[in-house]
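Everything on this sheet refers to the single structure shown next.
The values are calculated or read from the model by the stated rules, or taken from the named source; none is laboratory data. Keep in mind it's a predicted model, so treat the numbers as computed, not measured. Neighbour counts run over all protein chains shown; Cβ positions are idealised from the backbone, glycine included.
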Ligand SMILES: *Cc1c(COP(=O)(O)O)cnc(C)c1O
């Protein structure tokens, strides 16, 4: 938790909310989705008028994917891959039932680690409405070359929609220069936005007036407080707002964005690369002989900022690390222990200690005290 997030929320509760009451809306609350969007634009290499903060990642993906598929009619195909986050695939599946003739093609990774770039490039053709991928895959950390896929999509008139949830704040992007059309992402991973923090969406300038928000609401109206019964969308990206912003969460989020901007994405990426390289070396030295596989790309250039190591007792090792070792990885089925390297606050010695504690959990068979059934959240 960014230290200044606590003071910001306390200020909101004690001054802005309890003293100023609804006057807070005109004191700046109503502008938060736009103002914080500008900060995320700086982090992701977008123009300031190309990003807003709203809703959850899944909802934003839905809004943008539906809008894109309708704008792209009569094209009939969405392309994704099987490394994508399941929620994203559910959203895309739902669209095949909504937009007539639309079908979803899921390109398969050959090893469950690397994205099927060649297959995707082959699949993109004149029938392709949309290519929707995670920039960095949530399990393996494989990271796509946005510009390369986008260039191919462009050539065939397909649009690209990138989910940056696992890269924003750790892997630099150049949304404008790479030609990306659309993007979404969450703010509670490397951006440290806090539990349940709202997500963001990006629409390239030249596309904004061509797309209609399928969840039209008053906050996306040109005059929300005109209360006209005719929907007339705001100009620009604001039309992709729907309802009232989650002010408390937005106020808590800003501190994390400022930390990233202060540190700078290039410096964050440099440290992240060195740290995942160190994890690869520690895996080789300490874990491989103990039955762990390396479930992330070996090439640092294709790796995001997390490293997954696999073990047949992965779930129980993960539980033991969390419960008594003060190491907090995630478990991702079937066997991955995912170590998130957050360069703003992860130290090199933390990585070393985490691996040594994994060795202890395995050598002392400490995982045997834990159930084979996963808890609600892993
Ligand atoms: C974390 C994550 C999400 C989160 O979706 P929400 O709707 O915000 O819960 C979506 N997509 C990816 C790729 C993620 O990593």
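Is it fair to say residue 54 is touching a strand residue (DSSP E or B) at 6+ places or on another chain (Cβ under 9 Å), within 15 Å of the ligand (Cβ to nearest atom) and within 24 Å of residue 255 (Cα to Cα)?
Taking the combined requirement at face value, the residue satisfies it.
Taking only pairs six or more apart or across chains, which ones have beta-carbon atoms under 6 Å, a first residue in the stretch 69-92 that is within 13 Å of the ligand (Cβ to nearest atom), and a second residue that is part of a helix (DSSP H, G or I)?
80/92; 87/58; 88/61; 91/58; 91/61; 91/62
Just to be sure before I move on: is residue 122 within 16 Å of the ligand (Cβ to nearest atom), farther than 25 Å from residue 280 by Cβ, at pLDDT 95 or above and surrounded by fewer than 21 Cβ atoms within 10 Å (Cβ to Cβ) in the structure I sent?
The answer is no for residue 122.
Has the stretch 239-253 got at least one residue that is more than 21 Å from the chain's Cα centre (by Cα), buried (at least 20 other Cβ atoms within 10 Å of the Cβ) and farther than 22 Å from residue 189 by Cα?
So far as the stretch 239-253 goes, yes, one or more of its residues are more than 21 Å from the chain's Cα centre (by Cα), buried (at least 20 other Cβ atoms within 10 Å of the Cβ) and farther than 22 Å from residue 189 by Cα.
Given (1) over 23 Å from residue 236 (Cα atoms); (2) more than 9 Å from the chain's Cα centre (by Cα); (3) within 16 Å of the ligand (Cβ to nearest atom), identify the lone condition not met by residue 167.
Residue 167 satisfies all of (1) over 23 Å from residue 236 (Cα atoms); (2) more than 9 Å from the chain's Cα centre (by Cα); (3) within 16 Å of the ligand (Cβ to nearest atom) except (2).
From the list 250, 257, 321, 261, pick out the single residue that is within 30 Å of residue 366 (Cβ to Cβ), in contact with a helix residue (DSSP H, G or I) (Cβ under 8 Å, 6 or more places away or on another chain) and assigned to a helix (DSSP H, G or I).
Only one candidate passes the filter, namely 321.
Rundown of residues vs (1) under 23 Å from residue 137 (Cα atoms); (2) out of contact with any strand residue (DSSP E or B) (no Cβ under 8 Å at 6 or more places or on another chain); (3) touching a residue at least 24 places away in the same chain (Cβ under 8 Å), yes/no style:
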{"position": "296", "(1), (2), (3)": "yes, no, yes"}
{"position": "305", "(1), (2), (3)": "yes, no, yes"}
{"position": "308", "(1), (2), (3)": "yes, no, yes"}
{"position": "321", "(1), (2), (3)": "no, no, yes"}
{"position": "324", "(1), (2), (3)": "no, yes, yes"}
{"position": "344", "(1), (2), (3)": "yes, yes, yes"}
{"position": "356", "(1), (2), (3)": "no, yes, yes"}
